[in-house]
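Asks: Encoded as structure tokens, here's the structure I'll be asking about.
No value in this document is a laboratory result; all are computed from the given coordinates. Model, not experiment: these values are computed from the prediction. Every residue, glycine as well, gets a Cβ built from its backbone with ideal geometry; the counts of neighbours run over all protein chains shown.
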Amino acid sequence: MKYNLSKVKRVSKPVLALMYIVCIFFAILSLLPFIVMIVNATRNTYQVQQHAFSFVPSKYLLSNLKILNSKQTFHPVRGFINSMIISSGSTICAVYFSTLTAYALVAYTWKLRGAFFSLVLAFLMIPMQVTSIGFYQMMYRIHMTNNFLPLILPAIASPSMVFFMRQYMIPSLPLEIVESARVDGCHEFRIFNQIVIPMMKPAMATQGIFSFVASWNQLFLPQILLTNKKRYTMPIMVSLLKGDIYKTEYGAVYLGLTLTILPLFVVYFLLSKYIIAGVALGGVKG
Amino acid sequence: MEKRKTFSYSRYGYLFSIPFVVAFLIFWLYPILYTAIIGFTDLKGISATKFHFLSEPFKNFKTVLTSSSFRTALRNTVVIWIINFIPQIVFALLFTAWFTSPRCKIRGQGFFKIVFYMPNIMTAATVAVLFQALFAYPTSPMNDLLTKFGIIASPFNFEVSKTSAKLIVAFIQFWMWYGYTMIILISGVLGINPEIFEAAEIDGCTSAQTFFRITIPCLRTILLYTTITAMIGGLNMYDIPRLYLNGGPDNATLTTNVYIYNQAFAGSYLYNRAAAASMIMLIIIAVCSIAVFQMYKEKDQSKVDRKRRHLAAKKEVTE
């Protein structure tokens with residue numbers, strides 16, 4: 001620093017107070033819906049009807065859980081397992097194959113490399129939803145609806161993750177190490193698995209979190225592909241809570257909602273620092 | 001010898017991109033082409049797979065473009081996106097200015113960032129159903145709160161008012177995304193050369209001057225990038241309008257994706273019409289993507305130009 005920081009004029013106290021008020025207001029705004037949801041999950045229908053807004057938890061958590069289970073449609077455990085299979089499967093596919101594709105783009109010089117990278121860039125912005133009709137028809141024809149594979153395997157081709165991995169790999173992967181492994185007689189595929197993958201771990205972890213969360217939250221494709229109730233994912237389960245059978249069971253609905261995002265709460269509060277850093281990293285990829 | 005060596009390694013470049021290419025061809029390209037083809041056919045009816053091309057090829061596209069519900073859906077999508085995006089970018093910029101300014105050290109920034117970003121990570125479907133519960137009529141936390149503080153005398157039915165339905169969907173969208181936009185912008189500001197800010201400080205710029213004359217112009221590319229990616233995300237809005245009021249009341253929150261879903265997977269299963277609508281959306285999105293591309297190119301070009309000018313200047317000096 002060339003200039004003295006202490007000379008920087010600070011904002012006046014009232015302005016600073018105003019800033020804090022706005023920040024706290026927005027923090028409350030972000031948290032309040034979740035707090036109301038969690039508190040109401042512990043209250044019964046009568047209490048919610050009397051005062052829908054309350055900060056005081058009650059003691060009806062278990063009875064709400066019983067109501068939720070008695071209706072036979074909302075199965076948080078089954079939804080959790082299904083979502084877990086799809087999200088883990090697609091995350092592993094996305095992270096591993098995106099790193100492999102990025103490695104192909106960074107470490108080797110090949111004739112179609114430029115053209116291939118342009119293709120990746122061209123499909124960076126195309127969301128899967130616009131292709132859904134053809135996707136559904138194709139899967140229906142080969143009897144793959146109600147199967148998890150159509151929701152897992154497409155992750156092998158994740159253009160945005162390939163782009164990110166390439167940007168990360170260029171400055172952080174010293175090609176000399178790859179070269180010396182080659183001299184030692186290491187096979188190319190082994191070099192990738194045993195040298196490149198460990199070096200890319202930080203990027204793979206952050207991208208993995210985002211891929212997992214995105215897959216977990218996905219509604220459109222699972223909704224059109226999975227018609228069998230046993231195959232429903234968490235977000236599809238949520239749409240069941242809107243049904244008529246829960247119309248008067250306020251507490252149970254709030255509890256159901258809480259259960260669907262409980263895993264995300266846990267993940268977020270354990271990893272929020274890395275997640276925020278990951279978002280920031282994604283923003284400066286340009 | 002050297003040449004042969006690079007040739008043998010280039011093989012692996014192809015080899016390692018095979019999984020991506022295969023998955024891409026099966027799960028991206030084929031469905032896109034298939035969707036495009038379905039748009040020109042008579043494919044409809046539950047679990048139908050056989051189709052014939054129409055004698056009038058663009059009939060589905062015409063039907064979609066002239067249909068009042070598609071137009072309403074497109075208008076709603078744009079209106080809801082704009083109502084959400086303007087406050088989103090304004091507050092994201094405001095927080096960026098506060099959190100990066102050397103003049104105010106706001107404590108607990110880490111906490112605020114974590115809390116502001118949190119709604120973004122939560123399942124949109126859950127958030128939509130949660131807000132429906134929060135704004136329900138007659139008993140809901142929102143109505144309870146508003147009547148308790150005497151803002152309204154009796155509970156308000158948020159679900160039948162077209163305006164409030166749109167505003168709530170836009171608000172949910174704002175609420176889920178302002179934290180994300182803020183973090184992207186903060187990382188953009190941290191990427192600006194600090195010497196520029198030092199120079200501004202020495203020249204006696206006010207905070208407002210520094211922000212509007214230096215920070216925002218330096219963030220131009222990131223702002224454009226955020227705007228266009230947010231726009232593409234907005235054009236694909238589905239979970240919230242679908243689960244909040246399923247496009248209602250009276251199509252007030254019907255977005256293009258909800259329209260596509262309703263055409264194809266509800267009612268009379270008009271796959272052909274839904275496919276045509278998807279293709280129209282794809283064209284709109286492609287135009288936006290090209291805009292992003294041009295933006296990157298311009299940026300790269302200006303970088304090259306700057307470097308060239310810099311080199312030329314250096315040369316002049318040495319000569």
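Asks: So, R0 is 56 Å and r is the distance between the beta-carbons of B:Ser67 and B:Ser10; what FRET efficiency does that work out to, to 0.05? Intermediate results must be reported in sequence, preceding the final value.
Replies: Details: r = 52 Å, r/R0 = 0.92.
Approximately 0.60, to the nearest 0.05.
Asks: Which one, B:Leu223, B:Phe51, B:Leu65, projects farthest toward the positive side of the charge dipole computed for chain B from Cβ point charges (K/R +1, D/E -1)?
Replies: It is B:Phe51.
Asks: Based on the Cβ-Cβ distance from A:Arg182 to A:Leu31, what FRET efficiency comes out when R0 is 41 Å, to the nearest 0.05? Don't jump to the answer; show the numbers that get you there.
Replies: Working: r = 53 Å, r/R0 = 1.30.
My answer for the efficiency is 0.15.
Asks: Take the residue pairs A:Lys66/A:Lys247; A:Lys66/A:Lys229; A:Lys201/A:Lys273; A:Lys242/A:Lys273; A:Lys242/B:Lys166 and return only those whose Cα atoms are more than 22 Å apart.
Replies: Details: A:Lys66/A:Lys247 16 Å; A:Lys66/A:Lys229 20 Å; A:Lys201/A:Lys273 17 Å; A:Lys242/A:Lys273 34 Å; A:Lys242/B:Lys166 19 Å.
Where the Cα-Cα span goes over 22 Å, the pairs concerned are A:Lys242/A:Lys273.
Asks: Then there's this: With labels modelled as points extended 7 Å from the Cα through the Cβ direction, what inter-label distance (nm, one decimal) is found for A:Ile85 paired with B:Gln209?
Replies: If labels sit at A:Ile85 and B:Gln209, their model points lie 6.5 nm apart.
Asks: Among A:Val39, A:Pro171, A:Thr145, whose Cα lies farthest out toward the positive end of the dipole of the protein assembly as shown, if unit charges sit on the beta carbon of Lys, Arg (+1) and Asp, Glu (-1)?
Replies: In the protein assembly as shown, that residue is A:Pro171.
Asks: Further, regarding this structure: Using unit Cβ charges (K, R positive; D, E negative) and no other charged atoms, how large, in debye to the nearest 20, is the dipole of region B:1-95 about its Cα centre?
Replies: Working: 10 positive and 3 negative charges, 51 e Å.
Dipole magnitude for region B:1-95 comes out near 240 debye.
Asks: I would also like to ask the following. Where the centre of each part is set by its Cα atoms, how far does region B:127-156 sit from region A:225-274, in angstrom?
Replies: 22
Asks: What average count of beta carbons from other chains do you get within 10 Å of the Cβ of residues in A:27-39?
Replies: Mean partner-chain Cβ count within 10 Å for A:27-39: 5.
Asks: Additional query: Count, for each residue of A:157-163, the Cβ atoms from other chains sitting within 10 Å of its Cβ, then give me the mean as a whole number. Can you show the working numbers first?
Replies: On the way: counts 11, 3, 3, 0, 0, 2, 0.
Mean partner-chain Cβ count within 10 Å for A:157-163: 3.
Asks: What's the long-distance tail for the protein assembly as shown, i.e. % of Cα pairs beyond 42 Å? Mind dumping the intermediate values first?
Replies: Numbers: 53534 of 182710 pairs.
Result for the distance tail: 29 percent.
Asks: Cβ under 12 Å from A:Gln72's Cβ, A:Gln72 left aside: what net charge do those residues give with Lys, Arg +1 and Asp, Glu -1?
Replies: Working: positive: A:Lys71, A:Arg78, A:Lys229; negative: none.
After counting each charged neighbour, the total is +3.
Asks: For region B:58-92, run through the chymotrypsin sites (Phe, Trp or Tyr not before Pro) and keep only the ones in DSSP coil with at most 13 other Cβ atoms within 10 Å of their Cβ.
Replies: On the way: sites: B:Phe58, B:Phe61, B:Phe70, B:Trp81, B:Phe85, B:Phe91; in loops: B:Phe58.
Hits after loop and neighbour filter: B:Phe58.
Asks: Between region B:185-207 and region A:146-184, what is the C-alpha centre distance in whole Å?
Replies: 36
Asks: Quick one: Debye curve from the C-alpha atoms of chain B, no solvent, what's log10 I(q)/I(0) at q = 0.12, 0.15 Å⁻¹?
Replies: Debye intensities relative to I(0), on a log10 scale: -1.05, -1.27.
Asks: About the Cα centre, and with charges only on the beta carbon of Lys, Arg (+1) and Asp, Glu (-1), how big is the dipole of the protein assembly as shown? Nearest 20 debye, please. Let's see the in-between values first.
Replies: Numbers: 54 positive and 22 negative charges, 73 e Å.
The calculation lands at about 360 debye.
Asks: Oh, and also: If you keep only loop residues by DSSP, which chymotrypsin sites (Phe, Trp or Tyr not before Pro) in region A:15-121 have at most 12 other Cβ atoms within 10 Å of their Cβ? The partial results should precede the final answer.
Replies: On the way: sites: A:Tyr20, A:Phe25, A:Phe26, A:Phe34, A:Tyr46, A:Phe53, A:Phe55, A:Tyr60, A:Phe74, A:Phe80, A:Tyr96, A:Phe97, A:Tyr103, A:Tyr108, A:Trp110, A:Phe116, A:Phe117; in loops: A:Phe53, A:Phe55, A:Tyr60, A:Phe74, A:Tyr108, A:Trp110.
Here the sparse-neighbourhood loop sites are A:Phe55.
Asks: Considering only B:Val258, B:Val129, B:Pro155, whose Cα is most displaced toward the positive end of the charge dipole of chain B, charges sitting on Cβ of Lys, Arg (+1) and Asp, Glu (-1)?
Replies: Of the options given, the answer is B:Val258.
Asks: Within region B:138-247, report the chymotrypsin sites (Phe, Trp or Tyr not before Pro) that DSSP leaves as loop and that have at most 16 other Cβ atoms within 10 Å.
Replies: Within region B:138-247, the qualifying chymotrypsin sites (Phe, Trp or Tyr not before Pro) (loop, at most 16 other Cβ atoms within 10 Å) are B:Phe149.
Asks: When you look at the Cβ of every residue in B:276-282, what mean number of other chain Cβ atoms sits within 10 Å? Let's see the in-between values first.
Replies: Details: counts 1, 2, 6, 3, 1, 3, 5.
Mean partner shielding for this stretch: 3.
Asks: Can you tally the net charge around A:Ala181? Count Lys and Arg as +1, Asp and Glu as -1, for every other residue whose Cβ sits under 14 Å from the Cβ of A:Ala181. List each step's numbers first, then the result.
Replies: Details: positive: A:Arg182, A:Arg190; negative: A:Glu176, A:Glu179, A:Asp184, A:Glu188.
With Lys, Arg at +1 and Asp, Glu at -1, the net is -2.
Asks: If you don't mind, another one. Once phi is turned into ³J(HN,Hα) by the Karplus curve 6.51 cos²θ - 1.76 cosθ + 1.60 with θ = phi - 60°, what whole-Hz value does each residue of region B:56-64 show in order, with x for glycine and proline?
Replies: The phi angles translate into 10, x, 8, 4, 4, 5, 5, 4, 5 Hz.
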